[in-house]
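Shown next, in structure tokens, is the structure this report addresses.
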Amino acid sequence: MSRDWSQIEVEAVVADYFAMLNKELRGEAFNKSAHRRVLLAALDNRTDGSVERKHSNISAVLVELGYPYLRGYKPLHNYQHALIDVVAARLDASQELEASVAASATASAEVPSITDILSRLVDAPAPVVLAAPIVREHAAAWRVRRGTNYLERESRNASLGLAGEQFVVNFEKARLLREGADRFVDRVEHVSVTCGDGLGYDVRSFGRDGSELLIEVKTTGYGKLTPFFVSPNELGVSRDRSPQWQLYRLFDFRTNPRFFSIAGALDVACSLEPSQYLARVG
């Protein structure tokens, strides 16, 4: 039977996680195994596996609080309410990490120059079981108090979004060439540039047989399981034109760009939740 973690142990794990996350966001080298060895010496006879799971719990909490998570620690959502309090308190006191996150969310981006672009398509993640509603409500209340959701701020980074869209244009042209559909390569269109943002998709491409493919691109410099934001228009177009519509979710864009695709109506393929409301009076 697993033992409960003491407050001192939880604070030690969170502090170690934050130290690694700050280094990662700043592009500084570090060794996770070395960090874990030092951390284990300060804990009450914990195993490597138990520390890994706690790190993954911290990743899940950070996502709920609107922050990026540490690469390699997949968010694990079966955490306790008390962990939010420890993570939130540490965030409130961590001005250095706050500066690193803010800088990463707003930094300009360039289209990565890679030779193996066709290998960058990976499998979509499996559905996850989210934390209990009361726990998520507590996290949402903290976000409201702080007034900053860095994942949302990054989603508005125009430089990052544009670079991700151009990456997809390059991928689609390479894919069509590989599939022997050369005649469609020059017809791939970056419509968010040529026609504006109101279409509900960013890139117009084609299947091998010439069928139309409408691609909405969502790009993040953070991990594969980072939530993304969709507009009512994008949701509506994904429903109305579901046979042609696909979302390409680019992740780890600045360091090791990859992406997965989601086809058809977003409210069928994804778990959606409201992030803001339009209020009227009178």
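The values are calculated or read from the model by the stated rules, or taken from the named source; none is laboratory data. What you see is a predicted model; the values in this text were computed from it and never measured. Using ideal geometry, Cβ is built from the backbone for each residue, glycine included, and neighbour counts are taken over all protein chains shown.
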- [ ] Scan Asp186, Asp240, Asp197 and give me the residue that is out of contact with any Pro (no Cβ under 9 Å at 6 or more places or on another chain), closer than 24 Å to Asp116 by Cα and either at pLDDT 95 or above or among the charged types (D, E, K, R) (or both).
- [x] Asp186
Task: Residue count, the stretch 86-115 (criterion: surrounded by fewer than 16 Cβ atoms within 10 Å (Cβ to Cβ) and touching a Ser or Thr at 6+ places or on another chain (Cβ under 6 Å)) - done: 1
Open item on the list: I'd like the full set of residues that are assigned to a loop (DSSP other than H, G, I, E, B) and either of a type in the set (A, V, I, L, M) or surrounded by 16 or more Cβ atoms within 10 Å (Cβ to Cβ) (or both), limited to the stretch 121-139.
Closed with: Val122, Ala124, Ala126, Val128, Val129, Leu130, Ala131, Ala132
- [ ] Within the stretch 100-123, count every residue that is under 12 Å from Asn157 (Cβ atoms), in contact with a helix residue (DSSP H, G or I) (Cβ under 6 Å, 6 or more places away or on another chain) and β-branched (Val, Ile, Thr).
- [x] 0
Open item on the list: Please determine whether any residue of the stretch 151-162 is surrounded by fewer than 18 Cβ atoms within 10 Å (Cβ to Cβ) and in contact with a Phe, Trp or Tyr (Cβ under 9 Å, 6 or more places away or on another chain).
Closed with: yes
- [ ] Could you check the stretch 1-120 for helices (runs of 4 or more DSSP H) lying wholly inside it with 2 or more residues that are closer than 25 Å to Ala140 by Cα?
- [x] 7-25, 48-64, 81-93, 95-106
Open item on the list: Taking the criterion of being basic (Lys, Arg), out of contact with any helix residue (DSSP H, G or I) (no Cβ under 8 Å at 6 or more places or on another chain) and assigned by TED's automatic domain parsing to the domain that holds Phe171, would at least one residue in the stretch 246-259 satisfy it?
Closed with: yes
Open item on the list: Just to be sure before I move on: is Lys23 among the basic types (Lys, Arg), outside the structural domain of Arg136 (by TED's automatic domain parsing), farther than 23 Å from Glu154 by Cα and within 28 Å of the chain's Cα centre (by Cα) in the structure I sent?
Closed with: no
Task: Selection count where residues are under 17 Å from Ala60 (Cβ atoms) and outside the structural domain of Ser159 (by TED's automatic domain parsing), scope the stretch 90-136 - done: 3
- [ ] Please go through the stretch 140-160 and pick out each residue that is hydroxyl-bearing (Ser, Thr, Tyr), in contact with a Gly (Cβ under 9 Å, 6 or more places away or on another chain) and more than 16 Å from Pro274 (Cα to Cα).
- [x] Thr148, Tyr150
